[in-house]
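Student: My structure is below; once you've seen it, I'll send some questions.
Laboratory data are not the source of any read-out in this text; all were calculated from the coordinates shown. Source: prediction; values computed, not measured. Using ideal geometry, Cβ is built from the backbone for each residue, glycine included, and neighbour counts are taken over all protein chains shown.
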Amino acid sequence: MSRFEGLQLKDIAAPERGERIEYRNGKQIVPDEPVIPYVEGDGIGLDITPAMKTVLDAAVARAYGGKKRLAWWEIFAGEKAMNKFGTAIPDDSFNALRYFRIGIKGPLTTPVGGGFRSLNVAFRQVLDLYACVRPVRWFEGVPAPLKRPQDVDMIIFRENTEDLYAGIEWEQGTPECAKVIEFLRGMGAKVRDDSGIGIKPISVTGSKRLVRMAIQYAVDHKKKSVTLVHKGNIMKFTEGAFLKWGYEVAKEEFGSVCITEKELFDIYNGVQPEGKIVVKDRIADAMFQQILLRPAEYDVLATANLNGDYISDALAASVGGLGLAPGANMNDEVAFFEATHGTAPKYAGQDKVNPGSLILSGVLMLEHLGWQEAADLVVKGMEGAIRDGIVTYDLARQREGATEVSCSKFAQAICERM
Ligand SMILES: NC(=O)C1=CN([C@@H]2O[C@H](COP(=O)(O)OP(=O)(O)OC[C@H]3O[C@@H](n4cnc5c(N)ncnc54)[C@H](OP(=O)(O)O)[C@@H]3O)[C@@H](O)[C@H]2O)C=CC1
Ligand SMILES: O=C(O)CCC(=O)C(=O)O
Ligand SMILES: [Mg+2]
């Protein structure tokens, strides 16, 4: 019998080493050798995933002298899964993540226009990983378009299961699309005959649990504000509702710690009381200029899905690009870490791109395990490599005097500086 009771696998063998993360009385119990399911990813996944594993292993070995280890276990999705099993995400991969409650992935390709729907979105939806959490900070020595990139220290909580991103749409010219148009006209909407249609569901459930996670993070990490980002002036019953439900969570569930921006000025004369979090809101387009012009005024952002997608790439660019932008897809039990960027296909297999985003996603994973010492070593190594000007092409092209190294050499430079 397998050591892993209840783990259902059809095509791949159970991990040979490691243990499962448990939950007791709502508390996560992490073994010394947790099984870490990982998906290599398409495109540059081939380059960055091995680099990430090398760096994390080195940090864990150094921090714990062999007492703790990551038990890597490959699971499949994307092109590799298609080639091996004839399906883009085998059930084994979903089952593995559900069972082990953790995982890390390289990026996966989604064709534009036609073809299959996003595999990344499929993971989020099937496992109900309702929050996409993306911290963005600047690393000293990274050339950035902002004048004061050191002012950027934000974390985006992006709703991850609904909105236009859910992919509920009908192609122009199909009978299904004509049927939806007819229905919409019956509801009083004006829609051109030659339209394609997409639907934007935003629910109380999806919005409230996302904002709840964002505010709880602000409480736990003593952050000063949570900003609800929305386009509620235009999309009143979706984006506007997200905003309304967000404020309800703040008031009804965090009333003793949260104040609104209006209260900050009306009651506290603009002086934020110790221990209180200001919950504020910004219309999405205005927020894009705020992150460039007044980044110091923002720390936790809570957004619906599509706005969060846009703003996370933009914010990452403001501090130097997608090469150092980490993230996690999570719910209250499962965390699946991934970089913010995609498969950058033109660089695939060249050992060229920056593995920093996936390595920093690994840092989030180590923190999630409670292995802060190892997480700190990775960050120290990365800061050291960047400070010494040993960087991949993306940073080297913007920084005079830097030494451009390959993806794997950058990983090695990080290991040497832990
Ligand atoms: N979560 C996921 O798995 C995601 C998957 N995707 C998918 O990825 C595919 C490609 O998407 P695309 O729009 O090109 O976006 P990408 O994020 O893959 O790449 C866009 C550009 O960002 C820069 N970049 C990205 N990653 C790195 C890195 N590690 N190091 C240095 N620079 C980097 C490169 O810029 P430059 O050309 O200037 O060097 C690259 O050309 C699509 O199929 C898309 O759907 C997209 C986003 C997330
Ligand atoms: O799923 C995809 O292909 C794109 C996903 C994406 O851009 C993101 O999650 O930021
Ligand atoms: Mg994106």
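Student: Among 188-200, 384-396, how do they line up from the highest to the lowest mean number of other beta-carbon atoms within 10 Å?
Tutor: The most tightly packed comes first, giving 384-396, 188-200.
Student: Now, a different point. Can you pull the one-decimal nm distance between simple spin-label points at GLU5 and LYS251, each 7 Å off the Cα toward Cβ?
Tutor: It works out to 4.8 nm between the two label points.
Student: Indicate the gyration tensor shape class of segment 138-214 (rounded, prolate or oblate), computed on the Cα atoms with a ≥ b ≥ c the square roots of the eigenvalues: a/c under 1.5 is rounded; otherwise a/b larger than b/c is prolate and the rest oblate.
Tutor: Verdict is prolate for segment 138-214.
Student: Continuing with this model, one more query. Count the net charge of all other residues whose Cβ sits under 12 Å from the Cβ of ARG137, scoring Lys and Arg as +1 and Asp and Glu as -1. Present the calculation step by step, with values, prior to reporting the outcome.
Tutor: Working: positive: ARG134; negative: GLU140, ASP151, ASP153, ASP299, GLU383.
Residues near ARG137 contribute -4 overall.
Student: Less than 18 Å apart at the alpha-carbon level, and either on another chain or at least 8 residues along: which aspartates and glutamates does that give for LYS179?
Tutor: GLU169, GLU171, ASP193, ASP194
Student: Determine the distance separating the Cα centre of segment 123-163 from the Cα centre of segment 380-398; give it in Å without decimals.
Tutor: 20
Student: I need the helices of the chain that pass two filters: whole DSSP H segments spanning 15 Å or more by Cα along the axis, and mean Kyte-Doolittle score no lower than 0.5.
Tutor: Details: long enough: 45-64 (28 Å, 0.57); 175-186 (16 Å, 0.18); 204-220 (23 Å, 0.19); 239-254 (21 Å, -0.47); 305-318 (20 Å, 0.01); 356-369 (19 Å, 1.46); 372-387 (22 Å, 0.05).
TM-like helix candidates: 45-64, 356-369.
Student: Something else about it: Can you tell which of THR49, PRO355, ILE215 lies farthest toward the positive end of the dipole of the chain, using +1 and -1 charges on the Cβ of basic and acidic side chains (Lys, Arg; Asp, Glu)?
Tutor: Positive-most Cα among the choices belongs to ILE215.
Student: Using the per-residue mean of other Cβ atoms lying within 10 Å as a proxy for protection, in what order, highest first, do the peptides 79-86, 172-179, 300-307, 265-272 fall?
Tutor: The peptides rank, most packed first, as 300-307, 79-86, 172-179, 265-272.
Student: Follow-up question, since we're still on this one. Starting from 0.36 nm per residue, how many nanometres of slack lie between ARG24 and ASP376 once their C-alpha separation is accounted for?
Tutor: Result for the pair: 124.0 nm of gain on full extension.
Student: When the Cα centres of segment 1-19 and segment 291-321 are compared, how far apart do they sit, in Å?
Tutor: Each part's Cα centre sits 40 Å from the other's.
Student: I've got another one for you. Excluding same-chain residues fewer than 8 positions from LYS10, which lysines have a Cα within less than 25 Å of its Cα?
Tutor: Excluding near neighbours in sequence, the set is LYS80, LYS84, LYS105.
Student: Now for a different question. What does the C-alpha gyration tensor say about the overall shape of segment 336-418? Classify as rounded when a/c is under 1.5, otherwise prolate if a/b is larger than b/c, or oblate.
Tutor: Cα axes put segment 336-418 in the oblate bin.
Student: Considering only DSSP beta bridges where both residues belong to the chain, give the percentage that are antiparallel (nearest 5).
Tutor: Antiparallel bridges make up about 40 percent of those DSSP assigns within the chain.
Student: Taking a cut-off of 28 Å between Cα atoms, list the lysines near LYS262, but don't count ones fewer than 8 places away on the same chain.
Tutor: Straight-line reach from LYS262, under 28 Å: LYS208, LYS222, LYS223, LYS224, LYS231, LYS236, LYS244, LYS251, LYS276, LYS280.
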